[in-house]
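A quick write-up on the structure given underneath.
Read-outs throughout are calculated quantities, based only on the coordinates presented, and are distinct from any laboratory measurement. Since we're looking at a predicted model, the values are computed, not measured. Here the Cβ is made from the backbone with ideal geometry for all residues, glycine too, and neighbour counts use every protein chain on show.
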Amino acid sequence: MINRPNDPVDGNLVTVFGGTGFLGRRVVSSLVDKAVVARAVSRHPPKDKLDEASDKRPSQQVEADILDPSSMAAAVGGSRAVVNAVSLYVERGEQTFERVHVEAAAALAAASRDAGVERFIQISGIGSDAKSRSPYIQARGRGEEAVKAAFPGAVMVRPSVMTGPDDAFITTIARLVRLLPIYPLFGEGSTLLQPVYVEDVAEAVCRLALGQNSTDASIFECAGPRIYSYRELVREIATQLNVRVRTVPVPFAVWSILATATEFLPAASLTRNQVDLMRLDNVAAKDLPGLKELDIQPRGIEDVIRMIEHAA
């Protein structure tokens, strides 16, 4: 059964925009596990339900476009909390960083405010900066500002690079260290990273959406238990896979040229914004709350590698 957005809802209802994406579908699953009605909103919802157990309320699947204000307003109706987990990594046509991460995010926050939603959770990212020269990073930062202006009290969740069995980061490195005789690094491989398991982020988002947090902070930075340089991370993954790896530095200028040439392919494996992100350390700020303050013990790379191997 797929409920319509304006149907009366019993109990708590949390609406997740981007509810079928890498993070969003896990937020939905975490909510359902807690017997919360989770409304998954996406442009192309799957025909089958996201998650349903015989003793749990079914998730609602709603077709709506975050770029369409009319469908957006209908989708948030009756919600106690709204999560915006929509993300864009490559601009195509009307789907630009400005439209998705700034304008649409602000419009969704405003629609949620007007609908009487109690909590609004915006998924951003560590390093978001409205003054960045990178269009992607700048848009994420400006999006945070726009959401705060539209929905006073909105909570920003900034994950570090997220990992999991179907990610595009650790899984890719694991595949390449097995295939390549020499592994190319971004620059000297000195960029610092604090990768976080996506399920831990989903649980954090779930707890914030349900008000299960002991602090009223407006920003949470979610990161894993250990900080690596990119070079150390590649070597750690190789060690976990019991393979030998040789690394070679590759200048960022070369990566930028490659990304420019490939990102508009149907299945781009490298984009310019990914190169921009790899220029900057991606580590949680020590003065901001995160998983610890939400009573979540983050899982490390070792656990994620085992999950990837099991799923293969």
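Considering only ARG231, ARG99, ARG133, the mean-square fluctuation computed in a Gaussian network model of the chain, springs between alpha carbons under 10 angstrom, is largest for ARG133.
Compactness of the chain was expressed as the Cα radius of gyration divided by 2.2 N^0.38 Å, which yields 0.99. Potential lengthening of the chain between THR262 and LYS131 amounts to 44.5 nm, from the contour at 0.36 nm per residue minus the alpha-carbon distance. Amide H contacts under 5 Å for ASP281: LEU192, restricted to partners 5 or more places along the chain or on a different chain, H placed in the peptide plane at 1.01 Å from N. Per residue, the average separation of C-alpha pairs within less than 8 Å and at least 6 apart gives the range 104-151 a relative contact order of 48 percent.
Each of THR262, THR163, THR215 has some number of other Cβ atoms within 10 Å of its Cβ, and from fewest to most they run THR215, THR262, THR163.
For the chain, what does the relative contact order come out to in percent, with C-alpha contacts under 8 Å and a separation of six or more? All intermediate terms of the calculation are to be shown ahead of the outcome.
On the way: 643 pairs, mean separation 52.4, N = 312.
Across the chain, relative contact order equals 17 percent.
Distant-in-sequence amide contacts of THR163, defined by a placed amide H-H separation under 5 Å and a gap of 5 or more residues or a different chain, comprise VAL196, TYR197, VAL198.
Extension gain ASP114-LEU192, at 0.36 nm per residue separation less the Cα-Cα distance, in nm?
Numbers: separation 78, 0.36 × 78 = 28.08 nm, distance 4.07 nm.
Residue separation times 0.36 nm, minus the Cα-Cα distance, leaves 24.0 nm.
When the chain is treated as a GNM with alpha-carbon contacts under 10 Å, the residue of ASP287, ASP129, ASP167 showing the greatest mean-square fluctuation is ASP287.
Ordered by the number of other Cβ atoms lying within 10 Å of each residue's own Cβ, fewest first, ARG279, ARG39, ARG80 fall into the sequence ARG279, ARG80, ARG39. Of ILE301, ILE257, the sequence from fewest to most neighbouring Cβ atoms within 10 angstrom is ILE257, ILE301.
Put simply, the amide H of ARG43, placed in the peptide plane, has neighbours under 5 Å in ALA64, leaving out anything fewer than 5 places away on its chain. Label-to-label distance, ASP303 versus SER269, with points set 7 angstrom from Cα along the beta-carbon direction: 3.0 nm. Between 0 and 90 degrees, rounded to the nearest ten: what's the tilt of helix 198-209 against the longest Cα principal axis of the chain? Helix 198-209 sits roughly 30 degrees off the main axis of the chain.
Once Rh for the range 115-236 is found with the Kirkwood sum over Cα pairs, what is the Stokes-Einstein diffusion coefficient at 20 °C and 1.002 mPa s, in µm²/s? Walk me through the numbers before you get to the answer.
On the way: Rh = 16.2 Å.
My calculation gives 132 µm²/s for D.
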